[in-house]
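None of the figures in this text is laboratory data; all of them are computed from the coordinates on show. Computed from a predicted model, the values in this text were never measured in an experiment. Counting neighbours? That spans all protein chains shown, and the Cβs are built from the backbone with ideal geometry, glycine included.
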C-alpha cells in the first residue's frame, strides 16, 4: 500500500493565536484532509527529551532515539560522504548567542547567512583547539560540522531548534562531560571574538558567529533506515539525513512511488521568529504545493493513505486519512481540528 507521512513542524499555531490564525488561513485542501480523517491522535510530548516533538518522532521512526538524545550524527555524516568507522560523533553548528535582559539566547541558524568562505575560516582557526582537546573536527558545509568526542558520549544535548527563543541555561549541554565542553567552548569563543570574519559580518548587519552547538551524538557505526525519508524546504543537515544534501527540494508528489516520510520544514523559521504573517504566507504556499497534490493523489488512487503529523513546541497531532475516508462527503471541511 502506497502511503506517505507528512511531517510538518509548527503547522499547529500556538494556542493563544490559533483562533485568529485559523480564521485567516485559506486552505481548503488541508481542511478536507484533516476533516475527513479516519484516525485522530494527540501524540504524547515528552518533556524529558530535549527536542521538538517532530524531531523526537522522526528519531523514533528512524531508530535514532537513545536515552533521550537524538542519535543522528552518523546518518547525517553519511549524507555528506563523511562516513566513519569508529568513535562517538556529534553534529556541530557554528552559532550566535546573545544576551537578553536576564539570560542568553541562541539565534535560529536559518538566519545566520554564514558563507562557505567565512565558515571555512572559522573552522580552520578552531580545529587546532579541538585537536588539542582530543576532539576530531570535520567540515560538512557552512552550517554543519562534525566532532568526534568519545569521552563526551554521556553529554546530554538539545537540538538547536528546541532552544531557539528560550532561556539558554535550560538547554545547554549537561552531564559529567559538560565542564570540559564549556572549557573548549570558552576557548573557541575567545578565539573568534573580534576575528575579521565577525568584524565583516557585523559591518554588514549580520550576527557574529561567537559559539558552537553540539548535538545528535551517535556511534559512527550506528545505522539508520533513512531510505524512506524525503525532505522539502529543509536545512542542509536534514537533507543530508535523507541522503541528498545538494539536491533540489523533494515534494510528496515526487515521492509517490513508494511509502515515504516527507519532512517539510517550511514553517519553522517564521514560527520561531513569531512572524505569523510569514507563517500564513507559507501555509498558503503549502496548500498549493503540498496539501492539494496529496488530496488529489488520494482521490485518484495514486495514494491509499496520508498521515499528517502537525506540531508546535508543546502539542503533537497525528491525523490519518485514506481514500475511503475521503468519500465521507457529509463531513464539512473545516480547519477547526487545528485548534487546541
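Descriptive notes on the structure:
- Separation between Cα centres of segment 116-151 and segment 260-324, rounded to whole Å: 36 Å
- Across segment 64-219, the mean sequence separation of Cα contacts (distance under 8 Å, 6 or more residues apart), normalised by length, yields a relative contact order of 37 percent.
- Rounded to the nearest 10 degrees, the angle from helix 178-192 to the longest Cα principal axis of the chain is 80 degrees.
- Segment 176-335 - percent relative contact order, Cα under 8 Å, separation 6 or more: 12 percent
- For the residues 284, 54, 312, a GNM of the chain with alpha-carbon springs under 10 Å puts the largest fluctuation on 284.
- Folded to 0 to 90 degrees: helix 276-286 orientation relative to the chain principal axis, Cα: 60 degrees
- Computed FRET value (nearest 0.05) for residue 296 with residue 42, which takes r as the C-beta separation and R₀ as 35 Å: 0.80
- Packing, taken as the mean count of other beta carbons within 10 Å per residue, orders the peptides 190-203, 22-35 from highest to lowest as 22-35, 190-203.
- Of all DSSP beta bridges confined to the chain, the antiparallel ones make up roughly 70%.
- The chain: relative contact order in percent, alpha carbon pairs under 8 Å with at least 6 residues between: 37 percent
- Placing R0 at 35 angstrom, the Cβ-Cβ distance between residue 113 and residue 314 gives a FRET efficiency of 0.75 after rounding to 0.05.
- Highest average packing first - 124-130, 277-283, 263-269, Cβ atoms within 10 Å: 263-269, 277-283, 124-130
- FRET efficiency for residue 3 and residue 281, using Cβ-Cβ distance with R0 set to 30 Å, rounded to 0.05: 0.55
- When each of the peptides 289-295, 14-20, 328-334 is scored by how many other beta carbons lie within 10 Å of its residues on average, the order from highest to lowest is 289-295, 14-20, 328-334.
- Stretch gain in nm, segment residue 228-residue 150, where the contour uses 0.36 nm per residue and the Cα spacing is subtracted: 25.1 nm
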